[in-house]
Amino acid sequence: MSRVLIIGAGGVGGVVTHKCAQATDVFTDICLASRTMAKCDRIARQLKRPIQTARVDADVPANVVRLIRRFKPDVVVNVALPYQDLSIMEACLATGTDYLDTANYEPPEKAKFEYRWQWAFRKRYEKAGLMALLGCGFDPGVSNVFCAYARKHCFDEIHTVDILDCNAGSHGHPFATNFNPEINIREISQRGKYWESGAWHDTAPLSVHQTFDFPDIGPREMYLMYHEELESLVRNIKGLRRIRFWMTFGEQYLTYLRVLQNVGLTRIDPVDYEGHKVVPLKFLKNLLPEPSSLGPNYTGKTNIGCLIEGLKNGRRRRVYLYNVCDHAACYREVKAQAISYTTGVPAAIGAILMVNKVWRRAGVHNVEEFDPDPFMEQLTRRGLPWVVREPRRGEYRIR
Ligand code: NDP
């Protein structure tokens, strides 16, 4: 029986806490810690069993060390912001504790996410006999597991992967982001990037798009973006010829985003305002609805999956693996919308597999490095059933 420390009491943190609390056969003790104590206590009040809560500023490793020494977790689940990844990884090393997160580090002053800062911890984690599991949400996370499953069960060679992320839900706000607004807008306004024939190719932000007919949802416009799992999958799926990431956006969302960009509200450099330094995007984040507040009126579904092509027994094959998740059903179960749910459930599953030693290897690892089967089995069991289908000729085509 194990102890889990969850850091970050936002939309995703709420779901991880609910799901760990449901796993009574795995976690005897749970502590939810975040910058704002009231948010931890609000989530704790939703649960059927008692948990501990704590206030922590995780930007400072010493604060996290103190908390870990007091609570003594077997694993720390970091669902605060990517800015805290390195300080929490340091604290885990200092205290001999395993680590898991859902988003890779990016420096606050530059919107550039890469694994290199976290992969640099490899030798120290190996030497300490500790494990860090990176990017264990949905995408990254389940998208990586789907690739590992396809590699193990469906293909002898994987040639192309397209990761397709569709949110066809409606939250009733004119403009809101489904996960942390600051991180979300930084990601979406970056240049697009995909990997083909051994090289990375750049595209202007959201300039490449096409319509795709999503199962259970229907046709939606999806846009090519850079996403962090592309970096690890290019390394870990041998023989890959091309990998791309696509996300759907509605016209209204894109119009708001363009206006905010044009007036300078998505800038991440400090500007002088009446003698104060203000980062416009941080200010905007404070005006926008919190992801954890979107749930009550959210309707519609998400469909996130991987369309994969390659060879099996010398013949060309296409396989589409995906999950469909319903916003309202998530809210009924854990008081969260589907984006928080599809991220929080895999994070809880990763923590369960780690403490049960099903996925346990010293070092710093990405999800696709492990056997996908136990994870896929847990996905169905813990609320994210998946579909694997072989499209007919002409079905689910992508250019
Ligand atoms: P929220 O903004 O809802 O929550 C973030 C939480 O982190 C807040 O409670 C915030 O506290 C807390 N926090 C921020 N800074 C600190 C700090 N210095 N110390 C302690 N706590 C801190 O975001 P989400 O829950 O939507 O997202 C959480 C993470 O999940 C993000 O890193 C995001 O990128 C990732 N994610 C991953 C996905 C995937 O599929 N892999 C998909 C969606 C999200 P406060 O409330 O005080 O601000």
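The values are calculated or read from the model by the stated rules, or taken from the named source; none is laboratory data. The shown structure was predicted, so the numbers you read here are calculated from the model rather than taken from an experiment. Please note: Cβ atoms are built from the backbone with ideal geometry, for glycine as well, and neighbour counts cover all protein chains shown.
Which is within 12 Å of the ligand (Cβ to nearest atom), surrounded by fewer than 23 Cβ atoms within 10 Å (Cβ to Cβ), in contact (Cβ under 8 Å) with a residue 40 or more places away in the chain and not in a loop (DSSP other than H, G, I, E, B), of LEU100, LEU67?
Selected residue: LEU67, the only one of LEU100, LEU67 that is within 12 Å of the ligand (Cβ to nearest atom), surrounded by fewer than 23 Cβ atoms within 10 Å (Cβ to Cβ), in contact (Cβ under 8 Å) with a residue 40 or more places away in the chain and not in a loop (DSSP other than H, G, I, E, B).
Residues of region 320-348 being touching a Pro at 6+ places or on another chain (Cβ under 8 Å) and away from the ligand (no atom under 16 Å from the Cβ), which ones?
Scanning region 320-348 gives a single hit, TYR320.
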- Query: If you check CYS20, CYS31, CYS40, which single one turns out to be within 16 Å of the ligand (Cβ to nearest atom), touching a residue at least 40 places away in the same chain (Cβ under 8 Å) and in contact with a Lys or Arg (Cβ under 8 Å, 6 or more places away or on another chain)?
  - Reply: CYS31
- Reported set for region 208-251 where residues are surrounded by fewer than 19 Cβ atoms within 10 Å (Cβ to Cβ), β-branched (Val, Ile, Thr) and farther than 23 Å from ILE183 by Cβ is THR211, ILE217
- Task: Scan region 70-87 for residues that are within 14 Å of VAL4 (Cα to Cα) and either in a helix (DSSP H, G or I) or not β-branched (Val, Ile, Thr) (or both) and report the count.
- Result: 6
- Which of the residues that make up region 86-123 are more than 19 Å from THR17 (Cα to Cα), charged (D, E, K, R) and touching a strand residue (DSSP E or B) at 6+ places or on another chain (Cβ under 9 Å)? ARG122, LYS123
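Each row is one residue, and each column tells you yes or no for (1) of a type outside the set (A, V, I, L, M); (2) touching a strand residue (DSSP E or B) at 6+ places or on another chain (Cβ under 8 Å); (3) more than 16 Å from the ligand (Cβ to nearest atom).
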{"residue": "PRO270", "(1), (2), (3)": "yes, yes, yes"}
{"residue": "PRO280", "(1), (2), (3)": "yes, yes, yes"}
{"residue": "GLU290", "(1), (2), (3)": "yes, no, no"}
{"residue": "THR302", "(1), (2), (3)": "yes, yes, no"}
- Message: Taking the criterion of being surrounded by fewer than 16 Cβ atoms within 10 Å (Cβ to Cβ), closer than 22 Å to LYS19 by Cβ and touching a Phe, Trp or Tyr at 6+ places or on another chain (Cβ under 8 Å), would at least one residue in region 310-319 satisfy it?
- Response: no
- Message: Quick test for you: out of HIS209, HIS173, HIS201, pick the one residue that is within 16 Å of the ligand (Cβ to nearest atom) and either in the same structural domain as LEU257 (by TED's automatic domain parsing) or over 22 Å from ASN366 (Cα atoms) (or both).
- Response: HIS173
- Item | Meets criteria (in contact with a Leu (Cβ under 8 Å, 6 or more places away or on another chain) and away from the ligand (no atom under 15 Å from the Cβ)) for VAL75 | yes
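Suppose we keep only residues that are within 16 Å of the ligand (Cβ to nearest atom) and of a type outside the set (A, V, I, L, M, F, W, C) within region 116-140. Which one would you say is surrounded by the fewest Cβ atoms within 10 Å (Cβ to Cβ)? Spell out the reasoning first.
The first filter runs over region 116-140 and keeps only residues within 16 Å of the ligand (Cβ to nearest atom), leaving 117-118, 132-140.
Right, trim to of a type outside the set (A, V, I, L, M, F, W, C) and you get 118, 135, 137, 139-140.
Values: GLN118: 22, GLY135: 29, GLY137: 28, ASP139: 24, PRO140: 30.
Only one residue tops the list, namely GLN118.
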